[in-house]
Amino acid sequence: YNEQAHEFGALTIDLLTGGGLPPGRLSTVAGPSMSGKSTLTYMAAAEANASGMPVLYFDHEASADAKYLTALGIDLNQASGAEDSLFIYSQPTAGEATYRLIFQLLQSFPIKNTTEFQLPQALLVIDSLASMLPEDLEEDPEKQSMAGTAKVHSYGLRLIKAELSKRNVSLFATNQLRTKPGVVYGNPEYEPGGGAVSFYPDLKLIIRGT
C-alpha cells in the first residue's frame, strides 16, 4: 500500500490501486458512456481539496455539473479563480493549448524529491482526452482526422510527462471507450487518441457501469 498515493475516495478502487493515484504520475480512466468516469474524477478532486491540495480542472467536454460537484464534496464557493482557490475550473477546446498551459503551470511548482513521504503538490484533471481537439480544427472544421488528435497527445504527453514526476504533481485524465464497427475477431474496443494515450500512463483504469 503506497502511503504517498492520493486516494480516489472510492474504497474498492483505492484498494485495487494500492492507495489511489500515484504521486507525480499520469493516470487515466476509460470506460463507455455512463460508466462512472466523471463521478470517479469528481471524487478524486474532492479528496484532494479535503487534504488542502489544489485541483486544476480542464473540462474539454464542457459537461461538469455544479450540483453534482457540490454533492460530492467540492466547495464551488472557493472556485473563484483567486490565488488561494483550491478548485480552479477551465473550459478549453484546443488540446495543444491545454498541454502548453499545463507545462507552464508545472514550471511554477518547486522541484520535489518524490522518494520522500509527501503528497502531490497539486492534482490536474483533464476531462476528456478524446475531446481535446487539434488547434487547426478550430480554424478549419474540415481538417478533422484521427491522426490530428493522435498528434495532440503525442506532442503534449511527451512535453509534460517528466515534469509531473520532477514537480510531484499528479495528472488524472478520463477517456472514452469506443467500439470499432465490423470487428469479428479480437477486442473491438479502443481508446481514441493514438498510441501515446496507451504508452504514457503509469496507471490505467477501465471501468464499466453495472
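Quick notes on this one:
- Computed from Cα atoms, the angle from the helix 146-167 axis to the main principal axis of the chain rounds to 20 degrees.
- When the P(r) of region 1-70 is calculated, the portion above 19 Å amounts to 33% of the C-alpha pairs.
- Long-range tail of P(r) for the chain (Cα pairs > 28 Å, %): 25 percent
- Net charge contributed by nearby residues that have their C-beta within less than 14 Å of residue 44 (K/R +1, D/E -1): -2
- Sorting 182-191, 165-174, 196-205 by their mean Cβ neighbour count within 10 Å, with the most densely packed peptide first, gives 165-174, 196-205, 182-191.
- Rounded tilt (10° steps) of 37-50 against the dominant C-alpha axis of the chain: 20 degrees
- The sum of -39500 (n - 2.57) across all DSSP H runs of n ≥ 4, divided by the residue count of the chain, sets its helix-only mean residue ellipticity at 222 nm to -10000 deg cm²/dmol.
- Taking 0.36 nm per residue of separation and subtracting the current Cα-Cα distance, fully stretching the chain between residue 63 and residue 109 would add 13.7 nm.
- Seen against the Cα atoms of the chain and their longest principal axis, helix 95-107 is set at about 20 degrees.
Any read-out appearing in this document is the output of simple, stated calculations on the displayed coordinates, not a laboratory observation. None of the values given here were measured: they were computed from a predicted structure. In this analysis, Cβ positions are derived from the backbone assuming ideal geometry, glycine residues included, and neighbour counts consider all displayed protein chains.
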